[in-house]
Amino acid sequence: MDFAFDARTEELREKLLAFMDAYVYPAEAVADEQRAALASPWDTPAVVEELKAEARRQGLWNLFLPDAEHGAGLTNLQYAPLAEITGRSPQLAPTALNCAAPDTGNMEVLAQFGSDEQKKRWLEPLLAGEIRSAFAMTEPEVASSDATNITTHIERDGDEYVITGRKWYISGAMNPDCAIFIVMGKTDPDGADIRRQQSMVLVPRDTPGLEVRRAMRVYGYEDHYHGGHAEVVFDRVRVPVSNLIGEEGGGFAIAQARLGPGRIHHCMRLIGMAERAIELMCRRAVSRTAFGKPLARQGVVQEWIADARVAVEQLRLLVLKTAWLMDTVGNKGAHTEIQSIKIATPRAVVDILDQAVQLHGAGGVSQDFPLAELWAAARTLRLADGPDEVHQRSLARRELKKYL
């Protein structure tokens, strides 16, 4: 693979870096101040809408979608360095560019598997940033790391599906702009093939029987910018059969198609978080003195910074290789690399952020620096989209198969 950015990527990188400096970083403190004054913590601060308008004006909009009909038409390799830049301010930048999860994955699902009617009603307003969405799969009563375990029941009754189940950590559901849920449940719980029992159904937020019960905290944070992580109950919720995405029994396959790009987006944003942590470490190290000399001259601090730089450079190359393989041989061909980056990146970035927190002392765990919140987000990604152990299990099986 060629390590140089092509002309289009370089142009977008320069525009995005300038956008971050001129608009996003200055808006971080403003957004916090505005949110504190809102009637509901889940409402969107005005500055976020201003950022979205400016990003759209500059052509920095829907960069994640490889489908040129709906998005920027970038390859995974072209988008990867842009996602990294947005990771430096994960609460604001992805949303400003309409590139925030879970909307990105939901838009990919609708673009790839949705009917014309579904695209018109839900994909178009999502692409325009007029509404938000949620993806409802994880359940509190089962080990959702194995998607075949889900128990939410989707039963056909004439021209309708009846949905009953309880979900939690449903990202985006607390946002009042969240208008649509993609719900994964079982339409054929007794089917012979455990990966053909699940289906995905679109459920509008205002459907009777759908209750957004409470916000779930993540290490004490409620993630207001992405609309929280909610517990949601579906009590005999009825939707038309036309709300089925794809075909009955296709839910597991759609989920796998959705997760591949999502994992690489997460990993590139994580690298952006690590880069910001290194920057904060260096600034802190040269500005503080302890035991008679600047922190920058303390051997352990130098080791932390050096090791962080090595780790980030290694991770970036692996993620870029993965993006290149996804573009050239497809998600299946890049399966080993996708799992590798999902294992390696959150682990390493959590360690880098932890050292940055340590270097900042009390400030590192405070709200005056972004490190504590970044750490919580990075640590959570060791669970999201499949915990480390699931990927290790699958990856080991692939390696062992060569020798059996």
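Condition first: part of a helix (DSSP H, G or I), under 19 Å from Glu275 (Cα atoms), of a type outside the set (Lys, Arg) and touching a residue at least 24 places away in the same chain (Cβ under 8 Å). Can you find one or more residues in region 378-386 that meet it?
yes
Please report, ordered by residue number, the strands (runs of 3 or more DSSP E) entirely within region 194-264 with at least 1 residues that are more than 20 Å from His153 (Cα to Cα).
Hits in region 194-264: 210-215, 229-240.
Does Met268 satisfy the condition of being touching a Pro at 6+ places or on another chain (Cβ under 8 Å) and either under 30 Å from Arg195 (Cα atoms) or of a type outside the set (Phe, Trp, Tyr) (or both)?
The answer is yes for Met268.
Please give the number of the condition Ala128 fails out of (1) under 22 Å from Asn98 (Cα atoms); (2) in contact with a strand residue (DSSP E or B) (Cβ under 6 Å, 6 or more places away or on another chain).
The single condition Ala128 does not satisfy is (2).
Output yes when any residue across region 328-348 is surrounded by fewer than 22 Cβ atoms within 10 Å (Cβ to Cβ) and touching a Pro at 6+ places or on another chain (Cβ under 6 Å), and no when none is.
No, because not a single residue in region 328-348 is surrounded by fewer than 22 Cβ atoms within 10 Å (Cβ to Cβ) and touching a Pro at 6+ places or on another chain (Cβ under 6 Å).
Tally up the residues in region 7-59 that are surrounded by 12 or more Cβ atoms within 10 Å (Cβ to Cβ), modelled with pLDDT under 95 and over 23 Å from the mean Cα position of the chain (by Cα), please.
Final tally of qualifying residues: 1.
Is it true that Ala128 is among the hydrophobic types (A, V, I, L, M, F, W, C), surrounded by fewer than 14 Cβ atoms within 10 Å (Cβ to Cβ) and within 17 Å of Leu383 (Cβ to Cβ)?
No; evaluated as a whole, the condition is false for this residue.
Filter region 202-229 for residues that are touching a Cys at 6+ places or on another chain (Cβ under 9 Å) and either surrounded by fewer than 19 Cβ atoms within 10 Å (Cβ to Cβ) or modelled with pLDDT of 95 or more (or both); which is farthest from Ala377 (Cα to Cα)?
Among them, the one singled out is Arg205.
Looking at region 62-94 only, could you name the residues that are out of contact with any helix residue (DSSP H, G or I) (no Cβ under 6 Å at 6 or more places or on another chain), under 20 Å from Arg132 (Cβ atoms) and of a type in the set (Ser, Thr, Tyr)?
none
Could you say whether any residue in region 140-148 is buried (at least 18 other Cβ atoms within 10 Å of the Cβ) and outside any helix (DSSP H, G or I)?
yes
At least 2 residues that are of a type in the set (S, T, N, Q) and more than 14 Å from the chain's Cα centre (by Cα) in each: list the helices (runs of 4 or more DSSP H) lying fully within region 75-115 that qualify.
It comes to 76-86.
Just the residues that are closer than 22 Å to Glu50 by Cβ and without any contact (Cβ under 8 Å) to a residue 24 or more places away in the chain, please, taken from region 103-125.
None - no residue of region 103-125 is closer than 22 Å to Glu50 by Cβ and without any contact (Cβ under 8 Å) to a residue 24 or more places away in the chain, so the list stays empty.
Here is a check on your reading of the model: is Thr187 under 30 Å from Lys332 (Cα atoms), of a type in the set (S, T, N, Q) and touching a residue at least 40 places away in the same chain (Cβ under 8 Å)?
Spelling it out, Thr187 is indeed under 30 Å from Lys332 (Cα atoms), of a type in the set (S, T, N, Q) and touching a residue at least 40 places away in the same chain (Cβ under 8 Å).
Determine which member of the set Val212, Val218 is in contact with a Ser or Thr (Cβ under 7 Å, 6 or more places away or on another chain) and of a type in the set (Val, Ile, Thr).
Val218
Please work out which residue is nearest to the chain's Cα centre (by Cα), limiting yourself to region 230-253 and to residues that are buried (at least 21 other Cβ atoms within 10 Å of the Cβ) and within 30 Å of Ala31 (Cα to Cα).
By that ranking, first place goes to Ala230.
Out of Glu155, Glu141, Glu160, report the one residue that is under 26 Å from the mean Cα position of the chain (by Cα) and either under 24 Å from Leu381 (Cβ atoms) or touching a residue at least 24 places away in the same chain (Cβ under 8 Å) (or both).
When all the criteria are applied, what remains is Glu141.
The values are calculated or read from the model by the stated rules, or taken from the named source; none is laboratory data. Since this is a predicted model, take the numbers as computed values, not measurements. Using ideal geometry, Cβ is built from the backbone for each residue, glycine included, and neighbour counts are taken over all protein chains shown.
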